[in-house]
Amino acid sequence: MAALSVERSYIDIRNQVTVNGFSNVLNSDVRYLLSDNSRAKVWSAGFLSFALWDAHTRELLKMFNIDGQIERLDMLSGQDLTFEDDIKTKIVAGTKREKMQTSFGFFQRSRNAIMGAADAVRRVAVKGGFGDDNRRTEAVIITTDGMIWTGCANGSLVQWDGNGNRLQHFQYHSVAVQCLCTFGLQIWVGYASGTVQVLDLEGNLLAGWVAHSSQVIKMAVGGGYVFTLANHGGIRGWNVMSPGPLDGILRSELAGKEFLYTRIENLKILAGTWNVAQGRASQDSLVSWLGSAAGDIGIVVVGLQEVEMGAGVLAMSAAKETVGLEGSSAGQWWLDTIGKTLDEGSTFERVGSRQLAGLLIAMWVRNNLKAHVGDVDAAAVPCGFGRAIGNKGAVGLRIRVYDRVMCFINCHFAAHLEAVNRRNADFDHVYRTMTFGRPSNFFNAAAAGTSSAVQNPLRPKGIPELSEADMVIFLGDFNYRLDGISYDEARDFVSQRSFDWLREKDQLRTEMGVGKVFQGMREAVIRFPPTYKFEKHQPGLAGYDSGEKKRIPAWCDRVLYRDSRSAHVSECCLDCPVVSLISQYDACMDVTDSDHKPVCCIFSVDIARVDESVRRQEFGDIMKSNEEIRYIIDELSKIPETIVSTNNIILPNQDTTILRITNKCGENDALFEIICEGQSIIDENGQASDHHPRGSYGFPQWLEVTPAAGIIKPGYIAEVSIHLEDFPTLEVFLDGVPQNSWCEDTRDKEAILVVKVRGTCNTNETRNHRIRVRHCCSSQTAQLDPRPNGSEQVQGNLLHRADYQHLSSSYDVVSHLRNLRSP
């Protein structure tokens, strides 16, 4: 750590924290300054460490890291390793005479080389600054009960006490915390995914929802609402009474009017899959495959397999993945060529893509639909070579259409006839582990650079993200074959178009039938010939593999789906928001550019959406007309009745008085906050004059109030210490006004404190108690006259402490104190 250095300049702890006079002792930029409820301590927070200061003396009290471990003040930051030092590795190349003895040896060595390269890139990336510590502090707040809460880049929340002791750790979301806000008994958390969560002061999760389509960068309280500001500029307000007792009533009332604000939209989706066998397609082939999109198709999703292969490609892909990069020239060629086929720019716009080695998925949206499509996220799951390399695996895109979530997954599973269990395991691995977190570079550009993940923040751990989508479409080369049939028999049935009998031999159908794979998903009836394996550039069914291996024809290339239908609900409505039918499921048998045939599936999708303008109107009518709701709002808005023990305090030097605040309400908590409204000078006649409002400048230097905010339970009493700070009394005269060595005016002063009391759900109104606190200087004060002759004058004044007066109420005691005089 850097050496301790505290400037001895004047400091004020503002109500909203404006601090001068503290030096930076952290090993990173100071990102946050925060005073505690008593304004007696200040937190300065860097990325990974904190410093705790005394607000009055500017002394450094404690330094600690994000784990709560105390750090030595004299510790110097270590020297960073240079990028060049860490990247130095030995690359050993084999001689050309080395021969691979078996295919296993080749793949084993390829795997070792790939994993070694990826690991080297990962190490360099971390040391070189590409990877940040995902626990760095992103937000800090102090709650009403005096606890400090910090939010981290990994989504975790940490609770600290006012002395810097780490108390609890919570993890409710995996995306970075961007901002924190607190009001009453709640903590609001804004995430980079656009999600907002609400916690109680104990850290229990009360609610969570997707508030925006991009990161929530700021939150503020006012007018009975918590307002959230998104990165794209959108602002939304959320009632502070929710979550709460109103939710169930409103939900029930709105459900009864669902038919008034429900709209059904129809959308056509084309999903196409093709194993291109490292080749390139002619324009005629692409038109044959995707030409139907020229009609009324709204969304086109294309999944390609084996765009490129080989150990070098896999090594490069693995290395790129470690530093968040993807793509290749071959993949870009396919994106550009398909884009031209779809008339990209004029008719369609590409909104997202994702490549993992030879796997590529891309999506195009018709221009007139773009306004209803957003939140495009991508994901990739490798399944090859110990679940680490992308020669097999899946890539996916997730979008929000008419406020419904759809996922499209392009897969390439394990090959060979006997590898059924491996294929089943590949699907299970993809379904359980696919996590969407990388935003598209093409859509919602304002949100680029951060994930707009839309997963449910309340989803229990272990529940796959794909299970929460309203519709999921799997497409790709699943590699399931035909069992119990010979090559010649299969050829005969194909030539006779006896597909019903062939489907009985289909491995995928058998495995789905016993619930081992693609559970809960559907497939349209197959009415096209098996799509694998063909000789390239040989048209017709005569093109099936006739070589030495004579691979049995199979439906390797498939499209499966799941929508919102269940055994109980099948009609499109808000409870079953996505219902789809397949209008076309076919293979392009005339395309000969690969050993696989491309497959095309067209969905007709009904989507139930909410007309927000109508729903808001109905919501407003319910809020106004429902008597039960009005009663609950009135009760929640009430300010608890409170009394204070005194309205007049006189303090000699180093004296302390206890102010007691009583919550007379028997049901609701009372929140209090004490501020300094202003400060006056007491003249020789004991009258307050020369009043100076404090505004946001907090308490005077001579006054300490502990705590200055808190919660009072029903029927309980809060005790607040009003303490006169001790400071040097040696005086000099500056412009005729006595000053101490801290440049503080040493004449008697009076501060007007205001105790603001509010309810837990009331942001607009407070009930205020005004308290006068007089500071009386010590009886003997040494004064230095700065005249040239150096003469000295000593003045004295003896003050006695006044007994404080117990009042039953203090809503307005100004008139009672007008005639008050200092003794």
Margin query: What's the total number of residues in region 212-227 that are free of Cβ contacts under 8 Å to residues at least 60 places away in the same chain, buried (at least 20 other Cβ atoms within 10 Å of the Cβ) and farther than 19 Å from LEU157 by Cα?
Written below: 2
Next item on the list: Being under 20 Å from LYS505 (Cβ atoms) and aliphatic (A, V, I, L, M) is the filter; apply it to region 389-437 and report the residue that is most open to solvent (accessible area, probe 1.4 Å).
Entry: LEU417
Notebook entry, point to check: Which ones in region 191-211 are outside any strand (DSSP E or B) and open to solvent by less than 40 Å² (accessible area, probe 1.4 Å)?
Noted result: ALA192, SER193, GLY194, LEU201, GLY203, ALA211
Item checked: Scope region 228-248; condition open to solvent by less than 30 Å² (accessible area, probe 1.4 Å), free of Cβ contacts under 8 Å to residues at least 60 places away in the same chain and either touching an Asp or Glu at 6+ places or on another chain (Cβ under 9 Å) or assigned to a loop (DSSP other than H, G, I, E, B) (or both); matching residues -> GLY234
Checklist line | The lone exception for CYS179 - which of (1) over 28 Å from VAL605 (Cα atoms); (2) of a type in the set (A, V, I, L, M, F, W, C); (3) part of a helix (DSSP H, G or I) it fails | finding: (3)
Next item on the list: Among the residues of region 564-596, write down those that are without any contact (Cβ under 8 Å) to a residue 40 or more places away in the chain and of a type in the set (A, V, I, L, M, F, W, C).
Entry: ALA567, VAL569, CYS576, VAL579, LEU581
Check: Just checking, how many residues over region 146-176 are open to solvent by 50 Å² or more (accessible area, probe 1.4 Å) and in a strand (DSSP E or B)?
Finding: 5
Note to self: Can you pull out every residue in region 249-268 that is of a type in the set (A, V, I, L, M, F, W, C), crowded, with 16+ Cβ neighbours inside 10 Å and more than 30 Å from CYS411 (Cα to Cα)?
What the structure shows: LEU250, LEU254
Margin query: If HIS372 satisfies all but one of (1) open to solvent by less than 40 Å² (accessible area, probe 1.4 Å); (2) touching a Phe, Trp or Tyr at 6+ places or on another chain (Cβ under 7 Å), what's the number of the condition it fails?
Written below: (1)
Item checked: Residues of region 508-565 satisfying the condition of being over 24 Å from GLU418 (Cα atoms), over 35 Å from the mean Cα position of the chain (by Cα) and among the polar types (S, T, N, Q) -> GLN538
Notebook entry, point to check: Do you know which of the residues in region 269-291 that are within 23 Å of TYR561 (Cα to Cα) and among the small types (Gly, Ala, Ser) is most open to solvent (accessible area, probe 1.4 Å)?
Noted result: GLY291
Notebook entry, point to check: Only one of GLU725, GLU677 is acidic (Asp, Glu) and either farther than 17 Å from LEU651 by Cα or modelled with pLDDT of 80 or more (or both); which?
Noted result: GLU677
Item checked: Options VAL525, VAL578, VAL559: the member that is of a type in the set (Val, Ile, Thr), out of contact with any strand residue (DSSP E or B) (no Cβ under 7 Å at 6 or more places or on another chain), under 19 Å from SER604 (Cβ atoms) and at pLDDT 90 or above -> VAL525
Notebook entry, point to check: Counting just the residues of region 134-156 that are among the hydrophobic types (A, V, I, L, M, F, W, C) and touching a Cys at 6+ places or on another chain (Cβ under 9 Å), which one comes out farthest from GLY190 (Cα to Cα)?
Noted result: ILE141
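Each row is one residue, and each column tells you yes or no for (1) of a type in the set (A, V, I, L, M); (2) touching a helix residue (DSSP H, G or I) at 6+ places or on another chain (Cβ under 8 Å).
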{"position": "MET363", "(1), (2)": "yes, no"}
{"position": "ASN367", "(1), (2)": "no, no"}
{"position": "HIS372", "(1), (2)": "no, no"}
{"position": "ASP377", "(1), (2)": "no, no"}
{"position": "VAL381", "(1), (2)": "yes, yes"}
{"position": "GLY386", "(1), (2)": "no, yes"}
{"position": "ILE399", "(1), (2)": "yes, no"}
{"position": "PHE408", "(1), (2)": "no, no"}
Note to self: Can you find, within region 510-535, the residue that is surrounded by the most Cβ atoms within 10 Å (Cβ to Cβ) among those that are within 25 Å of LYS549 (Cα to Cα) and among the charged types (D, E, K, R)?
What the structure shows: LYS533
Margin query: Every residue in region 132-145 that is in contact with a Gly (Cβ under 9 Å, 6 or more places away or on another chain) and either open to solvent by less than 20 Å² (accessible area, probe 1.4 Å) or assigned to a strand (DSSP E or B) (or both), please.
Written below: THR137, GLU138, ALA139, VAL140, ILE141, ILE142
Note to self: So if I check each of VAL591, VAL569, which one is under 24 Å from GLY295 (Cβ atoms) and either over 31 Å from the mean Cα position of the chain (by Cα) or of a type in the set (Phe, Trp, Tyr) (or both)?
What the structure shows: VAL591
Next item on the list: Tell me, please, whether a residue that is out of contact with any His (no Cβ under 6 Å at 6 or more places or on another chain), among the small types (Gly, Ala, Ser), more than 30 Å from ASP563 (Cα to Cα) and assigned to a loop (DSSP other than H, G, I, E, B) can be found in region 355-376.
Entry: no
Next item on the list: Working carefully through the options GLY386, GLY312, find the one that is on the phi > 0 side of the Ramachandran plot, open to solvent by 10 Å² or more (accessible area, probe 1.4 Å), small (Gly, Ala, Ser) and modelled with pLDDT under 95.
Entry: GLY386
Margin query: Pull out all pairs, ordered by first then second residue, where Cβ-Cβ is under 8 Å, the residues are six or more apart or on different chains, the first lies in region 648-661 and is crowded, with 16+ Cβ neighbours inside 10 Å, and the second is in a strand (DSSP E or B) and hydroxyl-bearing (Ser, Thr, Tyr).
Written below: ILE649/THR657; LEU651/THR657; THR657/SER721; LEU659/SER721; ILE661/THR642
Notebook entry, point to check: How do the pairs read when you match residues in region 482-500 that are open to solvent by less than 40 Å² (accessible area, probe 1.4 Å) with residues anywhere that are acidic (Asp, Glu) and not in a helix (DSSP H, G or I), using Cβ under 9 Å and keeping only pairs 6 or more apart or on different chains?
Noted result: LEU482/ASP506; TYR487/ASP545
Next item on the list: Look through ALA524, ALA567 and report the one residue that is in a loop (DSSP other than H, G, I, E, B) and more than 27 Å from ALA394 (Cα to Cα).
Entry: ALA567
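The values are calculated or read from the model by the stated rules, or taken from the named source; none is laboratory data. Everything numeric in this text was worked out from a predicted model, so none of it was measured. Here the Cβ is made from the backbone with ideal geometry for all residues, glycine too, and neighbour counts use every protein chain on show. Only protein heavy atoms, including side chains, enter the accessible area calculation; ligands, DNA and RNA are left aside. Shrake-Rupley method; radii C 1.70, N 1.55, O 1.52, S 1.80 Å.
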